[in-house]
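First comes the structure, then the notes that go with it.
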Amino acid sequence: MHPSTKRKIQLLSRLPNLKRYYLAPIGQAPLPLNVTVSLLYSCNSRCQTCNVYEKRVKNFTVEEYRRTFTSLGEAPYWFTMSGGEPFLRKDIVDICRAAYEICKPGIINIPTNGSLYNVIPERVESIVKSAPDTEIIINLSLDEVGTRHDEIRGFPGNWERALKTYEGLKQLHKYPNFTLGIHTVISAFNVDRFKEIYRELIRMEPDSYITEIAEQRVELGTMGLPITPDNEKYFEAIDFLKSEMQNTKVTGIARVARAFRLEYYDLVKRYLQQNEQVIPCYAGVVSCQISPDGDVWPCCIRADSMGNLRENDYDFHKIWNSEAAKRIRKSIRNKECACPLANASYTNLLVNPLSLAKIAMQF
């Protein structure tokens, strides 16, 4: 059996136990499937939708990540290596190699602003080659076209740099475990032009095209900022995107991914209308985030710490079963928060039977 097939079977076999623990949190908490690792807060962009670059902490070293990954074992199926700008870390290849060797994930996903065109393709190729049984997904963040993109990103010349990075990354399609996507944050600054933006970006023929709504996040330092688009304008934009997706022929795993995204976009619309959890949120059970200095959060929206890995000898189990973790899970289960965070939402859909049924029908 191919290692990737084995990992998928293991993933599906763990869902009932994760669901059980969410409903009746008795005993030791099962480890999460979906782990976002914030590698650093540093960023060379000054985006209108993000102030994460203002934070200063002592980043984890490769050895600290190795100890953390060893504690997690083979539980995580999906890693997201985020930032800041992840490729500002010269040791990103070593971190991803450690995650692969120790945890054997099915997916490692890395978003990037694409500005470091002289180093990103080379580093990505090293990651792809060092993790042959893991799907490596690089999502290039493009929020507009041309100088309009540079204005939103607060980085003159970012568009041209990103295009050079994109051309370099396209050469890596010779590797079967490589996927190149484009990611757009729909915000108050680009929602009016979304149709034009989409038509221009899709001409680049990415392997995938995904969007996320700009939202206020503790991690990004955007609480209270008017970055979220008007509901009606967002609905118009996302309905257009859904129509385009449904009219595009895809096969194989791309059909599954499309079905999940269509359901996620409906989820965001319902959240914006109701401003409450539309389906149960399993953040802190199925998914979590690790800050650059070792705090374990249920998600980056709340960014409330279950404990710090440095302060607990890199023992993820201990933090995952701490009293703080139990309090946070209870708060989430009691629907004291709600958000459309994409990363957590995809695993929420995976664990929710009604959502899975709708996704199956779409497929």
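The values are calculated or read from the model by the stated rules, or taken from the named source; none is laboratory data. Here the structure is a predicted model, which means the values were calculated and not measured. As a convention, Cβ positions derive from the backbone with ideal geometry for all residues, glycine included, and neighbour counts pool all protein chains shown. The accessibility values were calculated without ligands, DNA or RNA, using every heavy atom of the protein model including side chains. Shrake-Rupley method; radii C 1.70, N 1.55, O 1.52, S 1.80 Å.
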Filter the stretch 213-240 for residues that are open to solvent by less than 20 Å² (accessible area, probe 1.4 Å) and modelled with pLDDT under 85; the one that is nearest to Asp304 (Cα to Cα) is Glu219
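So that you can scan it fast, the table gives a plain yes or no per residue for (1) touching a residue at least 24 places away in the same chain (Cβ under 8 Å); (2) more than 22 Å from Ser345 (Cβ to Cβ); (3) of a type outside the set (A, V, I, L, M):
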| site | (1), (2), (3) |
| --- | --- |
| Asn177 | yes, yes, yes |
| Ile182 | yes, no, no |
| Ile186 | yes, no, no |
| Arg203 | no, yes, yes |
Query raised in the report: Does Val250 qualify as being closer than 15 Å to Ile210 by Cβ, in contact with a Pro (Cβ under 7 Å, 6 or more places away or on another chain) and not small (Gly, Ala, Ser)?
Result: no
**Prompt:** Just wondering, is there one or more residues in the stretch 147-158 that are basic (Lys, Arg) and within 22 Å of the chain's Cα centre (by Cα)?
**Reply:** yes
From the option list Ile359, Ile319, single residue qualifying as modelled with pLDDT of 95 or more and either within 30 Å of Ala259 (Cβ to Cβ) or touching a Gly at 6+ places or on another chain (Cβ under 8 Å) (or both) is Ile319
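I need the full set of residues from the stretch 314-327 which are touching a residue at least 40 places away in the same chain (Cβ under 8 Å) and more than 21 Å from the chain's Cα centre (by Cα), in order please.
The first filter runs over the stretch 314-327 and keeps only residues touching a residue at least 40 places away in the same chain (Cβ under 8 Å), leaving 314-317, 320-321, 325-326.
Of everything in the stretch 314-327, those that are touching a residue at least 40 places away in the same chain (Cβ under 8 Å) and more than 21 Å from the chain's Cα centre (by Cα) turn out to be Tyr314, Asp315, His317, Asn321, Ala325, Lys326.
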Sole miss for Ser243 among (1) in a helix (DSSP H, G or I); (2) crowded, with 20+ Cβ neighbours inside 10 Å is condition (2)
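Residues Pro25, Pro32, Pro3: which one is in contact (Cβ under 8 Å) with a residue 40 or more places away in the chain and buried (at least 19 other Cβ atoms within 10 Å of the Cβ)?
Details: Pro25 fails: buried (at least 19 other Cβ atoms within 10 Å of the Cβ); Pro3 fails: buried (at least 19 other Cβ atoms within 10 Å of the Cβ).
After ruling out the rest, the residue left standing is Pro32.
Conditions tested, residue by residue: (1) within 20 Å of Tyr65 (Cα to Cα); (2) among the acidic types (Asp, Glu); (3) open to solvent by 10 Å² or more (accessible area, probe 1.4 Å).
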| position | (1), (2), (3) |
| --- | --- |
| Gly84 | yes, no, yes |
| Phe87 | yes, no, no |
| Ile102 | yes, no, yes |
| Tyr117 | no, no, yes |
| Arg123 | yes, no, yes |
| Val145 | no, no, yes |
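Within 25 Å of Ile186 (Cβ to Cβ), outside any loop (DSSP other than H, G, I, E, B) and not aliphatic (A, V, I, L, M): is that true of Tyr41 in this structure?
Details: within 25 Å of Ile186 (Cβ to Cβ): yes; outside any loop (DSSP other than H, G, I, E, B): no; not aliphatic (A, V, I, L, M): yes.
For Tyr41, the condition - within 25 Å of Ile186 (Cβ to Cβ), outside any loop (DSSP other than H, G, I, E, B) and not aliphatic (A, V, I, L, M) - is not met.
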Some residue of the stretch 93-105 being closer than 27 Å to Arg46 by Cβ, without any contact (Cβ under 8 Å) to a residue 60 or more places away in the chain and touching a strand residue (DSSP E or B) at 6+ places or on another chain (Cβ under 9 Å) | yes
Among Ile110, Ile186, Ile137, the single one that is modelled with pLDDT of 95 or more, crowded, with 22+ Cβ neighbours inside 10 Å and under 20 Å from Phe79 (Cα atoms) is Ile110
- prompt: Can Lys170 be described as touching a strand residue (DSSP E or B) at 6+ places or on another chain (Cβ under 9 Å), without any contact (Cβ under 8 Å) to a residue 24 or more places away in the chain, surrounded by fewer than 20 Cβ atoms within 10 Å (Cβ to Cβ) and among the charged types (D, E, K, R)?
  reply: yes
If we keep only residues of the stretch 331-345 that are without any contact (Cβ under 8 Å) to a residue 60 or more places away in the chain and assigned to a helix (DSSP H, G or I), then the residue surrounded by the fewest Cβ atoms within 10 Å (Cβ to Cβ) is Ser331
In the stretch 293-305, anything touching a Cys at 6+ places or on another chain (Cβ under 8 Å) and crowded, with 22+ Cβ neighbours inside 10 Å is listed as Val296, Trp297, Pro298, Cys299, Ile301
